[in-house]
1. What is the mean projected area of the alpha carbon convex hull for the range 294-346, to one decimal in square nanometres?
2. What is the order of SER269, SER221, fewest Cβ neighbours within 10 Å to most?
3. Considering all alpha-carbon pairs of the range 276-381, what whole percent are spaced by more than 22 angstrom?
4. What is the fewest-to-most order of VAL348, VAL279, VAL183 by other Cβ atoms lying within 10 Å of their Cβ?
5. Could you work out which residue, out of LEU166, LEU139, LEU301, moves most in a Gaussian network model of the chain, that is, has the largest mean-square fluctuation with Cα springs under 10 Å?
6. Can you tell me the 0 to 90 degree angle between the C-alpha axis of helix 259-290 and the longest principal axis of the chain, rounded to 10?
7. Could you let me know the centre-to-centre spacing of the range 381-425 and the range 76-97, using Cα atoms, in angstrom?
8. With volume of the Cα convex hull per residue in Å³ in mind, check [x] 155; [y] 135; [z] 170 and report the label derived from this structure.
Amino acid sequence: MSSTPAATATAGHSAQTTTAATASKALTVGIVGLVLTGLGIAISPDKHGPVMSYLVGFTYCTAIVIGMLMLILIHHIVDASWSVVIRRQYEHFISAFKWLFVLFLPLMIFAWVKPGFVWPWMDLNHELHGHGTVGTDILYQKKAGFLNLGMFTGMTLAFFAGWVWLSSRLRKASFTQDSDGDVKWTFMNRKTAAFGLPIGALTLTFAAIYWVKSLEYHWFSTMYGVWFFANCIRGALAVGVLIMVWLLGRGDYKGILNTNHFYSIGLLSFAFTVFWAYVTFSQYFLIWNANVPEETFWYNLRELDSHGHTTQWWWVGLVILFGHFFLPFLTLLSYRFKVTPHILRRIVSIILVTILIDMCYNILPALKDDHGDSLPFLSLNLVWVLTSVVGVGGVCVWSYLKSFPTTKLIPIRDPRISESLTHHE
């Protein structure tokens, strides 16, 4: 080891200027992406497409940050040692929750000013294809106590309040421990994790139901929250790998990260690849086997049009199958691939792209033509999806880089830091 851990941890301060410049660039890119999305909404004849695309980009980025919060909570509840040196980067990233709340406000404004524009059930006079209106729909009437604008607003505010509060507690305890080394902060974070995990599980589940699943509220699925959780964790692990490789290449993590850290996070990525496949296959199989119209229509929209012809979404489903499962499963089986940074970076990049496609698969088919068929995947809406991801993602990266120089690179006084620095398989 070329330098002591403490010296290496404090060496990050010499790169503050570079980090600040990168943060400014990230914010600039984010603002450009948001402005382009806003222009798309303004100039598009059908504003529905760009707004729904923005929902895709927002949900995608928020899912990754939620996954980071959940990983921190899991780290503390199981008292993990190997992930201590990686945890700090997640703690920086979850500072983005307050900015994500600000970025959700345009969607909230749409919900109040133009009910039904994004989420059809908000407008009781919204015409359903072959089902009359929302207000006369028996399925909506049974769910009206849950699906109403007031509940949607209150629950969304509760989601962000819970995420911001948990993030603030975790960050304060961890950062303060760098200064005084008091073990009480470790115990505080364990207590936070004890009640934070149920809060996180419930909020991410209801957020997925309100923001995404309710776009087609006729659909029933008891696994949707678990599907969303799987994507949250996989996205967070993937971004974690990208940060590890970036900091290692920049020299910040020199003498800190070893092969076993990459192996452990690669192994966890492999585990959640199998978990995602189990949940997704179970959902599809149970709906296919039961053959109940209120459930099967969701997949029919993503496979066939009203004339029984295969649509572009059927091919998207295959891309998700191979990009989400077969490719990462087969590659992450290899020990060498898990411990080789540049190879692991490519694998997780594919996972991140596939998660975005998965979000498109779950949200954009809610855009329908006059025949009730989902609009094609390859349409102008993809442009607005990309600008939205760049916009929201740029703000998240800026928040991370803005927090990065405010404390040590790693939790230097965490009780398990020595175990993490000498982590073995």
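All of the numbers you see were taken from the coordinates with simple rules; none came from a lab. Everything quoted here is computed from the prediction, not taken from an experiment. In this analysis, Cβ positions are derived from the backbone assuming ideal geometry, glycine residues included, and neighbour counts consider all displayed protein chains.
1. Numbers: hull surface 19.6 nm².
For the range 294-346, the mean projected area of the Cα convex hull comes to 4.9 nm².
2. Numbers: SER269 22, SER221 15.
Going from least to most buried by this count: SER221, SER269.
3. Values: 2270 of 5565 pairs.
The answer is 41 percent, as a whole percent.
4. Values: VAL348 25, VAL279 19, VAL183 12.
Going from sparsest to densest Cβ surroundings: VAL183, VAL279, VAL348.
5. LEU139
6. Roughly 20 degrees between the two axes.
7. 9 Å
8. Computed from these coordinates, volume of the Cα convex hull per residue in Å³ corresponds to label [y].
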